[in-house]
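**Q** One structure coming up, written as structure tokens, with questions to follow.
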Amino acid sequence: MTSRTQLPEWQSLVKHAAAVKDRPISDLFQQDAQRFSNFSRKVASTLYDFSKNNLCESTLGQLLDLAQAVDLPAWRQQLWDGAPLNSTEKRAVLHVALRDRSGRAYWVDGKNITLEVHAQLEKMRRFCADVRAGQWLGYSGKPITDVVSIGIGGSNLGPQMACEALASYADDTLKVHFVSNVDGVQIRRVLASLDPERTLFVVASKTFTTRETMLNAQTAKAWLLQRACEHGAVAKHFVAVTSSVEKAEAMGIAPENCFEMWDWVGGRFSLWSAIGLPVALYLGFSYFEQMLAGAYEIDRHFFEAPERDNVPVLMALIGVWNNTFLNMPTQAILPYDQALKFLPAYLQQAEMESNGKTVNRRGEQVPYTTGAILWGQLGIDGQHAFYQLLHQGAHKVAADFIGSVTPVLDAEGHHTNLLANLLAQTQALMEGVGEPAVLADLAARGLPEAEQGALAPHKVHRGNQPTNTLLMTKITAQSLGGLIALYEHKIFVQGVIWDVCSYDQWGVELGKLLANRLEPQLAGEEPPITQDGSTSGLIRYVRAQQLG
Ligand SMILES: O=P(O)(O)OC[C@H]1O[C@](O)(CO)[C@@H](O)[C@@H]1O
């Protein structure tokens, strides 16, 4: 198979990048009065403006040619058909089946999984209705008021992000809490405010082996049983979401309280499965369904729209252009909407666990940069923290600015100010301010001439940094579902372009293995084994300090 760098389409992009890398993005607007409409697309209720990138018609054409050269349409069809795209684990990648509203049958190993998906959705619907209606009773006959979701990574980030994003739509029926950290402080603090008679725990773990989640679940169980000596209390207060029902049963969770997920759903793409149960409990099942519907709308677009108008394809190609060809390896996610507070953390796992790889599908080292270093936080807070580096630091950073036209909740003038900040930052990052303009401004302000030259370099903003703006009409369950699906498909397309296997995560295993080995040594249950001097020294130090 031809490696990516041998493709003529790849090589012409390398040449093109060398020729245009320093061209001012703002000049491109002067050359094309229609640039905003030529370089933006609307899908569902989201506008994607990519005009503030160092990208012209020729760039876009060449990126689209590369997508054809790597057989993107065929890969997309394989995803849709349930091919084992997670090749190192020989698994299909079918999160799209979880939200397909058409009734289409998806097949895995000769089994129609659509039937299983619908059965689990129906189980979730009934369970949520019971709990929310106060018909699901705790061990002492009282209805549930609080749900504690225990999970980590993909079994936590999605539901937590979605609950936060849609909190303005929640009624007072249930409160939801999330515990992911194995640091006992988190679970202790959550439990301190709860009444065991009215608390429901959702233990979410695809494998049901993740040490952090298992420890937190055991602590929660001990807390419940300390107060409820009642036989059978666990069955009334614990449910599990897992692909390993027998392991959940071994923890004492009744099989009828287990919601199933499957090998063909990756943890970081599992929000659409019963992993989304906390969202459905918190808001009501209909909101969860709206999220599924929003994601499905984007799936249709991704599978049907021509590449040139296909928003996730464009998002992916522009990301590859900035990262691999223009040498900007970081990607900031900057939401201007309080609701999207946890989006950067969610996308960090989705993207970095998927495309943070340097061997191709055949196990060969690739000679180009792949998955971006993704980071970010609420943009408005970031402005008063790290934006200094964006404007004047040593690194060029590509950024996605995400906002909504209409707020779900507002206070007089706040949303307009928020949006003005979003737009101002993308403008400042593109246009910057050069030294002549700074000097003219200082002169106009009457600064003595002798001081102008000294101050001017400190006030120069380099500009010419690429940004994308994603503007949602309003954050709703549907538009949130759509937004997440856009990024999921972007990740898929980038994996195809970079030729990496986006759906495994072998890189997280070594740390887990070593932690399991070190834990008994730290606890003093096993003598320190011979290992690197630093680790042994640190273990001895901790032990000595703890023993006083
Ligand atoms: O749902 P589980 O099996 O507890 O795994 C949690 C998370 O751990 C990881 O395997 C990484 O450590 C993620 O991929 C996954 O989302």
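The values are calculated or read from the model by the stated rules, or taken from the named source; none is laboratory data. Note that the structure is a prediction, hence the values are computed from the model and not measured. Note that we place each Cβ from the backbone using ideal geometry, even for glycine, and neighbour counts take in every protein chain shown. With ligands, DNA and RNA removed, areas are computed over all heavy atoms of the protein, side chains included. Shrake-Rupley method; radii C 1.70, N 1.55, O 1.52, S 1.80 Å.
**Q** Would you check which residues across segment 214-238 are within 16 Å of the ligand (Cβ to nearest atom) and of a type in the set (F, W, Y) and list them?
**A** Within segment 214-238, just F238 meets the criteria.
**Q** Give the residues of segment 166-214 that are among the small types (G, A, S) and closer than 20 Å to M251 by Cα, sorted by residue number. Explain how you work it out, then say what you get.
**A** Of the residues in segment 166-214, the ones among the small types (G, A, S) are 167-168, 170, 180, 184, 192-193, 204-205.
Correct list: S180, G184, A204, S205.
**Q** Hey, any hits in segment 456-478 for a residue that's touching a residue at least 24 places away in the same chain (Cβ under 8 Å), within 16 Å of the ligand (Cβ to nearest atom) and of a type in the set (S, T, Y)?
**A** No, there is no match, as no residue in segment 456-478 is touching a residue at least 24 places away in the same chain (Cβ under 8 Å), within 16 Å of the ligand (Cβ to nearest atom) and of a type in the set (S, T, Y).
**Q** Going through segment 37-51 one residue at a time, which ones are open to solvent by less than 20 Å² (accessible area, probe 1.4 Å) and not β-branched (V, I, T)?
**A** Of segment 37-51, the ones open to solvent by less than 20 Å² (accessible area, probe 1.4 Å) are 39-40, 43, 46, 48-51.
Hits for segment 37-51 are F39, S40, Y48, D49, F50, S51.
**Q** Determine, yes or no, whether M261 is within 13 Å of the ligand (Cβ to nearest atom) and open to solvent by 10 Å² or more (accessible area, probe 1.4 Å).
**A** Taking the combined requirement at face value, the residue does not satisfy it.
**Q** Sticking with this one: Could you give me the residue pairs with C-beta distances under 6 Å whose first residue belongs to segment 154-165 and is open to solvent by 10 Å² or more (accessible area, probe 1.4 Å) and more than 12 Å from the ligand (Cβ to nearest atom), whose second residue is at pLDDT 95 or above and of a type outside the set (A, V, I, L, M, F, W, C) wherever it lies, and which are 6+ apart or on separate chains?
**A** Between residues of segment 154-165 that are open to solvent by 10 Å² or more (accessible area, probe 1.4 Å) and more than 12 Å from the ligand (Cβ to nearest atom) and residues that are at pLDDT 95 or above and of a type outside the set (A, V, I, L, M, F, W, C), the close pairs are E164/K341.
**Q** Within the set of pairs 6 or more residues apart or between chains, which connect a residue that is touching a residue at least 12 places away in the same chain (Cβ under 8 Å) inside segment 527-548 to a residue that is outside any helix (DSSP H, G or I) and of a type outside the set (S, T, Y) with Cβ atoms less than 8 Å apart?
**A** Pairs that qualify, where the first residue is touching a residue at least 12 places away in the same chain (Cβ under 8 Å) and the partner is outside any helix (DSSP H, G or I) and of a type outside the set (S, T, Y), are I539/P528; R540/P528; R543/G524.
**Q** So in segment 337-359, with the set limited to residues that are among the charged types (D, E, K, R) and outside any helix (DSSP H, G or I), which one is farthest from W506 (Cα to Cα)? So that I can check it myself, show each step before the final result.
**A** Going residue by residue through segment 337-359, those that are among the charged types (D, E, K, R) are 337, 341, 351, 353, 357.
Subsequent filtering for residues that are outside any helix (DSSP H, G or I) retains 337, 341, 357.
On the way: D337: 34, K341: 28, K357: 10 Å.
Result: D337.
**Q** Additional query: For segment 192-213, what are the residues that are open to solvent by less than 30 Å² (accessible area, probe 1.4 Å) and within 9 Å of the ligand (Cβ to nearest atom)?
**A** A204, S205, F208, T213
**Q** Here is a further query. Quickly run through segment 52-77 and pick out the residues that are open to solvent by 10 Å² or more (accessible area, probe 1.4 Å) and either of a type in the set (A, V, I, L, M) or modelled with pLDDT under 95 (or both).
**A** L64, A69, A74
**Q** Moving on. Quick one: in segment 405-442, which of the residues that are farther than 25 Å from L55 by Cβ and of a type in the set (S, T, N, Q) is least open to solvent (accessible area, probe 1.4 Å)?
**A** Here the answer is T406.
**Q** Determine which member of the set Q331, Q290 is of a type in the set (S, T, N, Q), away from the ligand (no atom under 16 Å from the Cβ) and not in a helix (DSSP H, G or I).
**A** One residue alone meets the criteria, Q331.
**Q** Check segment 503-526 and report whether any residue there is in contact with a strand residue (DSSP E or B) (Cβ under 8 Å, 6 or more places away or on another chain), within 16 Å of the ligand (Cβ to nearest atom) and open to solvent by less than 70 Å² (accessible area, probe 1.4 Å).
**A** Looking for residues that are in contact with a strand residue (DSSP E or B) (Cβ under 8 Å, 6 or more places away or on another chain), within 16 Å of the ligand (Cβ to nearest atom) and open to solvent by less than 70 Å² (accessible area, probe 1.4 Å), one finds at least one in segment 503-526, hence yes.
**Q** Follow-up. Just to be sure, is L314 open to solvent by less than 20 Å² (accessible area, probe 1.4 Å) and either in contact with an Asp or Glu (Cβ under 9 Å, 6 or more places away or on another chain) or modelled with pLDDT of 95 or more (or both)?
**A** yes
**Q** Now for a different question. Could you tell me whether segment 490-501 includes any residue that is polar (S, T, N, Q) and in a helix (DSSP H, G or I)?
**A** Yes, there is a match, as at least one residue in segment 490-501 is polar (S, T, N, Q) and in a helix (DSSP H, G or I).
**Q** Which of the residues belonging to segment 317-346 are in contact with a Gly (Cβ under 9 Å, 6 or more places away or on another chain) and either open to solvent by less than 10 Å² (accessible area, probe 1.4 Å) or among the aromatic types (F, W, Y) (or both)?
**A** N323, A332, I333, L334, P335, Y336, L340, L343, P344, Y346
**Q** Name the single residue, out of those in segment 175-191 being over 23 Å from A515 (Cα atoms) and among the aliphatic types (A, V, I, L, M), that is farthest from the ligand (Cβ to nearest atom).
**A** Residue satisfying both the conditions and the ranking: L191.
**Q** Can you say whether G276 is within 14 Å of the ligand (Cβ to nearest atom), assigned by TED's automatic domain parsing to the domain that holds I187 and either outside any helix (DSSP H, G or I) or under 21 Å from the mean Cα position of the chain (by Cα) (or both), as far as the supplied structure shows?
**A** On the way: within 14 Å of the ligand (Cβ to nearest atom): yes; assigned by TED's automatic domain parsing to the domain that holds I187: yes; either outside any helix (DSSP H, G or I) or under 21 Å from the mean Cα position of the chain (by Cα) (or both): yes.
For G276, the condition - within 14 Å of the ligand (Cβ to nearest atom), assigned by TED's automatic domain parsing to the domain that holds I187 and either outside any helix (DSSP H, G or I) or under 21 Å from the mean Cα position of the chain (by Cα) (or both) - is met.
**Q** Exactly one condition in (1) outside any loop (DSSP other than H, G, I, E, B); (2) more than 16 Å from the ligand (Cβ to nearest atom); (3) polar (S, T, N, Q) is not met by T530; state its number.
**A** So T530 meets the others, but not (1).
**Q** Which of the residues belonging to segment 233-258 are in contact with a Cys (Cβ under 8 Å, 6 or more places away or on another chain), buried (at least 20 other Cβ atoms within 10 Å of the Cβ) and in a helix (DSSP H, G or I)?
**A** Scanning segment 233-258 gives a single hit, A248.
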